[in-house]
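Peer 1: One structure, pasted below without further comment.
The values are calculated or read from the model by the stated rules, or taken from the named source; none is laboratory data. Note that the structure is a prediction, hence the values are computed from the model and not measured. Heads up, the Cβs are rebuilt from the backbone with ideal geometry, glycines too, and the neighbour counts pull from every protein chain shown. Side chains are part of the model used for accessible areas, which takes the heavy atoms of the whole protein and leaves out ligands, DNA and RNA. Shrake-Rupley method; radii C 1.70, N 1.55, O 1.52, S 1.80 Å.
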Amino acid sequence: MTDTVVSTAAEAPGAGSAHPLSPATGAEFLAGRQILADAGLLGESARFAYYGLEEPPKGEVLGAADGCAPDRRLRAFLIDVATGRSADVVVSLGEQRVVSQRVLDTSADGQVPIFSEEFGLVEEVIRADPGWRAAMARRGLTDVSKIRAAPQTAGAFDEGDDERRRFVRVLAFRQEREHDYIWAHPVDGIAAYVDLVERKVFKIVDEFERPVPEESGDYDDPAVRGPLREGLRPIEITQPDGPSFTLDGHRLSWQGWSMRVGFDAREGLVLHQIGLDDRGETRPLIYRASIPELVVPYGDPRFRYWQTYFDCGEYLLGKWTNSLERGCDCLGEIAYLDATIPDDFGAPQEIRNAVCIHEEDFGILWKHTDAWNGSAQTRRQRRLVVSSWATVGNYDYGFYWYFYLDGTIEHEIKMTGALFTAAYPGGDHPHSAEVAPGLGGPVHQHLFSARLDMTVDGLANAVDEVDLHGLPAGPGNPYGNAIARTATRLRSEAGAARRCDAARARTWRVVSTERVNRYGQPAAFTLYPEGAPVLLADPSSSVHARAGFATNHLWVTRYDPAQRYPAGDFVNQHPGGAGLPAYIAADRDIDGTDIVLWHTFGPTHFPRPEDWPVMPVARCGFTLKPTGFFDRNPALDVPPPSGGHCSDG
Ligand SMILES: [Cu+2]
């Protein structure tokens with residue numbers, strides 16, 4: 001292996017010296033916990049369902065004079081496991097006090113996220129329940145120690161008294177032997193609803209029985225996998241002079257790009273203050289970039305109609321971040337950053353190698369062979385890669401930010417792992433695919449929301465919707481060949497809830513309303529969406545109300561430090577309407593002001609047999625390209641590959 005760790009430098013400990021946007025440290029989590037304890041908020045039955053940095057408002061960070069950093073604050077979602085009482089609390093580390101606290105009205109505000117202890121207790125609770133044991137026995141499953149539980153967030157379906165509880169709906173899988181792959185053996189048609197505060201089953205829904213699929217999916221087993229293929233000779237990445245980036249604490253720079261790398265238990269990887277050098281000047285582009293929500297609604301109308309996950313708001317995706325392994329997850333000269341994620345008791349836990357930073361060759365950057373002047377030139381593209389992986393239940397998600405030599409930014413999500421399976425109903429089923437004998441992979445969507453707090457050459461930005469379209473033949477188009485570009489300014493929030501139009505190559509251009517290029521056109525970065533379908537659930541459905549953000553590809557809001565989460569602050573069991581639909585209700589002006597761009601993307605996944613038993617990586621994402629931000633190709637200065645044999649003339 002040639003990959004090496006080039007730096008694991010951390011910023012100096014101590015609250016006073018931290019950059020306002022650096023992730024909270026272990027010492028800070030402990031200091032905040034002490035403040036909460038001193039305020040009497042941490043009884044024996046208190047748990048932290050979320051605990052993280054409460055970032056200062058943007059104005060305080062950008063306006064801070066040297067040596068006068070904004071206060072460091074932490075936000076905690078506390079729950080009393082004995083009563084279910086939940087509160088949203090902010091503490092100031094500088095002032096050593098509780099700054100705010102609000103007790104949730106959980107039926108209106110929603111519940112705090114599910115935390116680790118709750119996942120742990122569910123299996124024990126259902127195995128002890130006589131009704132559950134009887135339902136399993138009817139299916140011939142008498143040894144409940146071999147039934148594994150997959151707890152699912154409950155959603156919100158106007159189900160009366162049930163919904164006043166904090167609860168999960170639990171599906172079952174059979175695990176005959178210790179290493180059996182549970183996803184191959186769903187026990188379908190039955191769900192236990194478990195009250196997490198009372199710690200008991202309060203309802204069993206037993207709708208139908210189907211045989212448990214028998215074929216093993218254990219891909220670690222040579223008998224399932226088959227012999228390993230041969231003929232793959234080594235590929236080694238060598239960077240004899242080291243990588244071209246520098247990492248100083250959480251500040252990263254490479255080839256004119258600069259940014260700060262942050263991390264949060266809810267959002268995972270967060271990038272701050274992304275800027276690009278242009279002839280000695282650092283031009284700001286994005287103040288903060290993250291993927292703050294991901295919803296996975298399933299499309300099978302049978303008894304698991306409720307199956308929908310909000311992986312950030314309900315499960316805290318960042319908490320499930322993988323420790324990356326050199327030579328496996330990233331190749332080359334690698335720098336890793338660790339992440340500090342609090343446990344249920346607010347105690348810091350370190351995730352080693354949570355963020356991988358490296359650079360990659362990426363094929364041709366530009367190339368031309370000119371028949372007229374004899375020039376034959378090739379330049380190679382490279383990208384800086386900042387990535388992390390999280391495993392949330394059955395799926396594994398890789399989050400990749402790419403920065404290129406020509407000013408392009410890309411975000412790519414890699415999806416792999418296990419399908420969430422069901423018994424296959426037979427026939428040519430419209431909502432599910434048979435992926436192994438009797439085993440179904442139900443159709444679902446993965447809808448991500450990117451929150452891009454844009455600062456293209458400063459805070460004064462606006463968004464134009466740009467369409468390309470043909471024109472009808474007529475006096476101005478006598479031969480009927482005309483193609484035109486139409487740019488429409490999105491002036492207020494309500495009118496900026498938009499969808500893709502692939503037939504018009506629709507893009508959204510974020511312009512500076514203060515800076516122009518040498519053609520008198522605004523300096524801009526353009527969002528190129530993939531244009532896959534948004535949420536397909538009916539407008540009358542619960543998920544349509546709860547994942548309102550996923551009903552459009554684009555939203556633009558005026559910056560408000562309190563508006564951070566596309567489905568709202570408390571997503572678990574929230575009845576709906578929070579987040580983006582609420583944020584735009586005031587229909588604020590977004591033309592020439594401080595704006596945030598929100599982009600929904602991701603696949604609608606009708607599984608293939610090839611996705612079983614473990615799915616090859618599927619990809620989705622979006623691209624941001626400079627559009628008149630520079631006056632010409634900004635990568636003319638990239639030298640030809642060393643050796644001199646790739647350039648001629
Ligand atoms: Cu999928």
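Peer 1: Out of (1) more than 16 Å from the ligand (Cβ to nearest atom); (2) part of a strand (DSSP E or B); (3) open to solvent by 10 Å² or more (accessible area, probe 1.4 Å), the odd one out for His429 is which?
Peer 2: (2)
Peer 1: Would you be able to say whether some residue in segment 399-409 is open to solvent by 20 Å² or more (accessible area, probe 1.4 Å), out of contact with any His (no Cβ under 6 Å at 6 or more places or on another chain) and either within 14 Å of the ligand (Cβ to nearest atom) or in a strand (DSSP E or B) (or both)?
Peer 2: no
Peer 1: While we're here: Consider segment 600-620. How many of its residues are away from the ligand (no atom under 11 Å from the Cβ) and either surrounded by 21 or more Cβ atoms within 10 Å (Cβ to Cβ) or part of a loop (DSSP other than H, G, I, E, B) (or both)?
Peer 2: Here is the first cut: in segment 600-620, the ones away from the ligand (no atom under 11 Å from the Cβ) are 600-601, 609-610, 612-614, 616-617, 619.
Next, only the ones that are either surrounded by 21 or more Cβ atoms within 10 Å (Cβ to Cβ) or part of a loop (DSSP other than H, G, I, E, B) (or both) stay: 600-601, 612-614.
Qualifying residue count, segment 600-620: 5.
Peer 1: Would you point out which residue out of Pro533, Pro529 is surrounded by fewer than 16 Cβ atoms within 10 Å (Cβ to Cβ), within 25 Å of the chain's Cα centre (by Cα) and more than 17 Å from Leu276 (Cβ to Cβ)? Give the steps one after another, and end with the answer.
Peer 2: Numbers: Pro529 fails: surrounded by fewer than 16 Cβ atoms within 10 Å (Cβ to Cβ).
After applying the criteria, what remains is Pro533.
Peer 1: Let me ask something else. Could you please give the count of residues in segment 96-108 that are touching a helix residue (DSSP H, G or I) at 6+ places or on another chain (Cβ under 9 Å), modelled with pLDDT of 95 or more and surrounded by fewer than 18 Cβ atoms within 10 Å (Cβ to Cβ)?
Peer 2: Residues in segment 96-108 being touching a helix residue (DSSP H, G or I) at 6+ places or on another chain (Cβ under 9 Å), modelled with pLDDT of 95 or more and surrounded by fewer than 18 Cβ atoms within 10 Å (Cβ to Cβ): 3 in total.
Peer 1: Moving on to the next point. Please go through segment 491-520 and give me each residue that is more than 18 Å from Ser449 (Cβ to Cβ), in contact (Cβ under 8 Å) with a residue 40 or more places away in the chain and either open to solvent by 80 Å² or more (accessible area, probe 1.4 Å) or aliphatic (A, V, I, L, M) (or both), ordered by number.
Peer 2: Correct list: Arg491, Ala494, Val511, Glu514, Arg518, Tyr519.
Peer 1: Related question: In segment 349-367, which residue that is touching a residue at least 60 places away in the same chain (Cβ under 8 Å) and under 22 Å from the mean Cα position of the chain (by Cα) is nearest to Ile114 (Cα to Cα)?
Peer 2: Glu350
Peer 1: Of all the strands (runs of 3 or more DSSP E) wholly in segment 189-275, which have at least 3 residues that are open to solvent by less than 30 Å² (accessible area, probe 1.4 Å)?
Peer 2: Hits in segment 189-275: 257-264.
Peer 1: Further, regarding this structure: Going by the structure shown, is Gly441 open to solvent by less than 30 Å² (accessible area, probe 1.4 Å) and small (Gly, Ala, Ser)?
Peer 2: Judged against the criteria, Gly441 is a match.
Peer 1: Would a scan of segment 576-596 turn up a residue that is under 30 Å from Leu365 (Cα atoms) and either open to solvent by less than 40 Å² (accessible area, probe 1.4 Å) or more than 16 Å from the ligand (Cβ to nearest atom) (or both)? Talk me through it step by step, then tell me what you get.
Peer 2: As a first pass, look at segment 576-596 and keep what is under 30 Å from Leu365 (Cα atoms): none.
Looking through segment 576-596, none of the residues is under 30 Å from Leu365 (Cα atoms) and either open to solvent by less than 40 Å² (accessible area, probe 1.4 Å) or more than 16 Å from the ligand (Cβ to nearest atom) (or both).
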